[in-house]
Amino acid sequence: MKKYSYTLIIFSALLFICTAGCKKITEDGPLEFTDENNVFDSKDSVGLFTEQFLNNIYSSLPKGFNRINNNILDAGTDDALPNSTLDNVQYYSTGGINASVLPDNTWDANYAGIRKVNIFLSKIDRVTLKASLKGYKERWKAEARALRAMFYFELVKRWGGVPLIGDQVFDPQQEIKIARNSYDECVSYITSEMDQAMPNLLSPNATGTFASNFYGRFSRGAAMAVKSRLLLYAASPLNNPGNTASKWQLAAKAAKDIMDSVSQNKFAYKLNDVATTTHYTTTNMAGITSAAKISAYVTSVNKFLSVFSTASNNEIILPYMAATSTGVESSNDPIGYPRAGSGKTNPTQELVNDYEMSSGKSITEAGTDYVSATPYYDRDPRLPATVMFDGLFWLTRKVQMYDGGLDRPLGFGKTNSGETRTGYYMRKFLTSNASGTSYTAANHVFPIFRYAEILLNYAEAQNEAIGPDLSVYNAINAIRNRVGMPNLPAGLNQAEMRTRIRHERRVEMAFEEQRFWDIRRWKIAENVLNGTLHGVQGTFNGTITTYKTVDVAPAKFDASKMYVFPIPYKEMISNSLMSQNPNW
């Protein structure tokens, strides 16, 4: 394992300016001369630098947006491709990863976060806070432990069992030789840490100090959300090959505990049901559905998009808090606007095909109202809220994604970078500043956890534990109804409900770093990532655009080894007790 510089960690903590509801650091002199006695100062009765050190640890949470060489993680799945054939995130869908080439290698970053927590926990008791801050130290410790458990989860979902180092702070020059713990041992540790942290964490509520001052911090609800996802992954086929029912029951309970806290008014979480931002109007979306439905349809699109463009809302359980910026738009805008977006993220036809018609029918089932000549008409409102397709309004005009159009000037197959490879761009997360010529910094709150996922987690675990009871239907229908989609049909059996839940998870959570892990834990990556990923080619003739599905990129997934990441090469050569994952 990697050696760490204690001094570097102290300095980086002090240099970081937190955006998660905390104050900017002030200092009397150069921070280079600050040592641990100043950070954890026994005479600092308000814990100024101590809290700032904790705030810095939050910067190690998953950032989400375009974090892998300006690409999103899901550009390495069947949901999207990067617009350059040279971008290495697609090695996950082409079988190009190995122990030395690992685009999403977060091993160092997460162990660095764990080390920061251990330093914090080992030093904080030096600080004596004034009486009016009673309970603060206990809360800070709890937040630190929850963050550490989260970092371990980030490691475990990539590599399986990893070394657990407890509270130990290694000497900076010490050679660290530690064997890996088992996957189940890591799950038990993370669960135990969250349970022990919870009593001292803040309870999330809609009013008062939490909403105004602590949004973005690890609350009791966030700790419970980590447990919900962790236990769902532990119950899934990848990690539960014997399909032990009790693991599904634990996962269902973890999600239900959050839902019960909501129903009892202990937590203020809910599905966002207000269009707080007017991303679209009935005028600029005219023609995307019937005139009779357009008003309700636009409201549904705006409600969904408002989850991701509102600085704080009650659906997001744990966000990655960042300063207002233009990076999401500049990386993902269609390329044909004067403000010169990069169009990095290109959704696949596979993803687009999974969105139902607004009637609730899929585009392939018997009796569907889908018409191939108008492929984007009257689809699930989450489609135009997630994917930028030909004819969708953006900023000042409709997107031109046909060959020779402003946003695909060279056309299908004519370039390996610089414009969409699939005929689509990502729409989700982008703010709709009306200017087509310049960017304006905006809120981009990446939802590490949100309440919709908790409902999905519960539905999946409960369906696997006992079958599709009424509570499973209620959870999925709540998500569908939020965007005006009809209820699921009655009478589904367990396998049919499983298919519906997996569909709902894909279209609801697209580009939120869910699909990448879902296809692995369900052990379906070998099915969806072996073959060809597709896009669309549009041909404009006069006033009519015709569309055909085209092959875009080959996909390859080796089921004998790729369900978990290879342990990074440098860890293998520096730690004699480290063991490699099978077949790597």
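The values are calculated or read from the model by the stated rules, or taken from the named source; none is laboratory data. Here the structure is a predicted model, which is why all the values come from computation and not from measurement. Here the Cβ is made from the backbone with ideal geometry for all residues, glycine too, and neighbour counts use every protein chain on show.
Observations on the model:
- Residue match in region 224-237 (condition: part of a loop (DSSP other than H, G, I, E, B) and modelled with pLDDT of 95 or more): yes
- Residue 532 being modelled with pLDDT under 95, surrounded by fewer than 19 Cβ atoms within 10 Å (Cβ to Cβ) and not in a helix (DSSP H, G or I): no
- Unique residue being crowded, with 21+ Cβ neighbours inside 10 Å, in contact with a strand residue (DSSP E or B) (Cβ under 7 Å, 6 or more places away or on another chain), at pLDDT below 95 and within 27 Å of residue 323 (Cβ to Cβ) when the list is 216, 221: 216
- Among the residues of this structure, residue 199 counts as one that is exposed (fewer than 13 other Cβ atoms within 10 Å of the Cβ) and closer than 26 Å to residue 451 by Cβ.
- Qualifying residue in region 177-191 (condition: crowded, with 22+ Cβ neighbours inside 10 Å, of a type in the set (A, V, I, L, M) and closer than 26 Å to residue 35 by Cβ): no
- Here residue 177 passes the criteria (1) in contact with a Leu (Cβ under 8 Å, 6 or more places away or on another chain); (2) in a loop (DSSP other than H, G, I, E, B); (3) over 26 Å from residue 121 (Cβ atoms) except the one numbered (3).
- Within region 563-584, the residues that satisfy the criterion of being closer than 11 Å to residue 99 by Cβ and either touching a strand residue (DSSP E or B) at 6+ places or on another chain (Cβ under 7 Å) or not hydrophobic (A, V, I, L, M, F, W, C) (or both) are 566, 568, 569, 570, 571, 580, 581.
- When 82, 103, 62 are checked against the criterion of being in contact (Cβ under 8 Å) with a residue 40 or more places away in the chain, over 19 Å from residue 425 (Cβ atoms) and not polar (S, T, N, Q), a single residue qualifies: 62.
- Flag if residue 562 is modelled with pLDDT of 95 or more, crowded, with 18+ Cβ neighbours inside 10 Å, over 23 Å from the mean Cα position of the chain (by Cα) and part of a loop (DSSP other than H, G, I, E, B): no
- Taking each residue of region 258-286 that is without any contact (Cβ under 8 Å) to a residue 40 or more places away in the chain and surrounded by fewer than 17 Cβ atoms within 10 Å (Cβ to Cβ) and looking for partners that are of a type in the set (A, V, I, L, M) and not in a loop (DSSP other than H, G, I, E, B) with beta-carbon atoms closer than 7 Å, six or more apart or interchain, yields 281/298; 282/294; 282/298; 286/294.
- Test: residue in region 394-412 that is part of a helix (DSSP H, G or I), without any contact (Cβ under 8 Å) to a residue 60 or more places away in the chain and not acidic (Asp, Glu): no
- Residue match in region 390-403 (condition: in contact with a Leu (Cβ under 6 Å, 6 or more places away or on another chain) and surrounded by fewer than 21 Cβ atoms within 10 Å (Cβ to Cβ)): yes
- Residue 282 being at pLDDT below 95 and not hydrophobic (A, V, I, L, M, F, W, C): no
- Test result for residue 357, closer than 22 Å to residue 552 by Cβ, at pLDDT 95 or above, hydrophobic (A, V, I, L, M, F, W, C) and buried (at least 18 other Cβ atoms within 10 Å of the Cβ): no
- Listing of helices (runs of 4 or more DSSP H) fully contained in region 35-101 that carry 2 or more residues being in contact with a Gly (Cβ under 7 Å, 6 or more places away or on another chain): 91-94
- Among (1) surrounded by fewer than 22 Cβ atoms within 10 Å (Cβ to Cβ); (2) under 26 Å from the mean Cα position of the chain (by Cα); (3) closer than 26 Å to residue 240 by Cα, the one test that residue 141 misses: (3)
- From the options 122, 100, 132, 45, residue that is surrounded by fewer than 17 Cβ atoms within 10 Å (Cβ to Cβ), of a type in the set (Ser, Thr, Tyr) and touching a Pro at 6+ places or on another chain (Cβ under 9 Å): 100
- Every residue from region 126-159 that is closer than 15 Å to residue 111 by Cα and either in contact with a Cys (Cβ under 7 Å, 6 or more places away or on another chain) or part of a loop (DSSP other than H, G, I, E, B) (or both): 152, 156
- Residue among 538, 542, 491 that alone is at pLDDT below 95 and not aliphatic (A, V, I, L, M): 542
- Some residue of region 300-309 being assigned to a helix (DSSP H, G or I), in contact with a Ser or Thr (Cβ under 6 Å, 6 or more places away or on another chain), of a type in the set (Ser, Thr, Tyr) and at negative phi: yes
- Matching option when the condition is outside any loop (DSSP other than H, G, I, E, B), among the β-branched types (Val, Ile, Thr) and more than 30 Å from residue 223 (Cβ to Cβ), among 499, 440: 499
- Single unsatisfied condition, residue 116 versus (1) basic (Lys, Arg); (2) surrounded by fewer than 19 Cβ atoms within 10 Å (Cβ to Cβ); (3) touching a Phe, Trp or Tyr at 6+ places or on another chain (Cβ under 8 Å); (4) part of a helix (DSSP H, G or I): (2)
- Odd one out for residue 353 among (1) over 25 Å from the mean Cα position of the chain (by Cα); (2) in a helix (DSSP H, G or I): (1)
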